[in-house]
1. With +1 on the Cβ of every Lys and Arg and -1 on the Cβ of every Asp and Glu, and nothing else charged, how large is the dipole of the range 28-130 about its Cα centre, in debye rounded to the nearest 20?
2. Distance from a point 7 Å along Cα→Cβ of residue 52 to each backbone N in the range 79-93: keep the residues under 14 Å and list them by number.
3. Could you pull out every one of the aspartates and glutamates with an alpha carbon less than 16 Å from that of residue 203, ignoring same-chain neighbours closer than 8 positions?
4. Just read off the accessible area of residue 208 with the full protein assembly in place, 1.4 Å probe, to the nearest 10 Å².
5. Between the alpha-carbon centers of the range 71-102 and the range 199-234, tell me the distance in whole angstrom.
6. Which one of 131, 94, 182 has the biggest mean-square fluctuation once the chain is modelled by GNM with Cα springs under 10 Å?
7. May I ask you to rank 146, 234 by accessible area, largest first, using a 1.4 Å probe over the protein chains only?
8. Taking the Cα centre of the range 63-176 as origin, sum charge times position over the Cβ atoms of Lys and Arg (+1) and Asp and Glu (-1), and report the length of that vector in debye to the nearest 20.
Amino acid sequence: TEREVAAHALPGSKEWTPARRAAFELLVGQSAGSQLVGMDHDIRVRGRLRWSIGPVVADAMRGHPWIGLPSGGIHVVGQVERDVRGVLVVENADTFQYVCQRPDVTDTWLCVWGRGSATDGVVNFLRTMDDLPIAAWCDLDARGIEIVTELAGRLGREITPVGMSVELFVSGKQYVPKNQADSLSVAKKMAVEGHPALRNLAKAIVESGGLGCEQETLYDVVPPTLARDLAKLE
């Protein structure tokens, strides 16, 4: 399994970063997906989506505050029905649940927890949404920009960041990351290679020395206009 190999090969961390996955594929000469078995995990969603297997139905509008769908199983059995105008990916669990409680968003858009990274399960789920616009709201920090960039790259399509402007970062409550040097390094890279719409934010983070601004500090600012901002993408 992925975690078994990581436990042996990645001391102190079982996280499969894109760089580590690429290194593994170079070593074995095959794709990681064909050689490693990942454990299924839930995809947390809220919105007008139903997954049915015979008489059994999982309704993402009835579960409170959200429901969890098996990331692998949902593509293998049953039928998925949806009536949404777009998909909003939210990085942090707390913020995801906060947005799930806003019917002005979830009545028309499907809200998906991004699990703090561009995981295989989330990516595969979003690939079934090719006919819909996809937006992402992440922390206003180097890692948040990296997540949006990686998500767009893996999906091979446009992902529109929302609630991640330079103005919000400058006026928001900034924090010092645990590894500020690494944050600064990633921000410098994102300022050149990151999602085009977020490169100015990356430059602002570089100018701050690698600081960040978390989603949870922006609840009074971003969510009230979120539905209006998403409607512009429909």
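The values are calculated or read from the model by the stated rules, or taken from the named source; none is laboratory data. Just so it is clear, the model here is predicted, and its values are computed rather than measured. Cβ sites come from the backbone with ideal geometry, for glycine too, and all protein chains shown count toward neighbours. Surface accessibility is based on the protein's heavy atoms, side chains included, excluding ligands, DNA and RNA. Shrake-Rupley method; radii C 1.70, N 1.55, O 1.52, S 1.80 Å.
1. 120
2. 79-83
3. 139, 141, 146, 167, 182, 193
4. My reading of the accessible area for residue 208 is about 40 Å².
5. 21
6. 131
7. 234, 146
8. Numbers: 9 positive and 15 negative charges, 25 e Å.
Value, rounded to 20: 120 debye.
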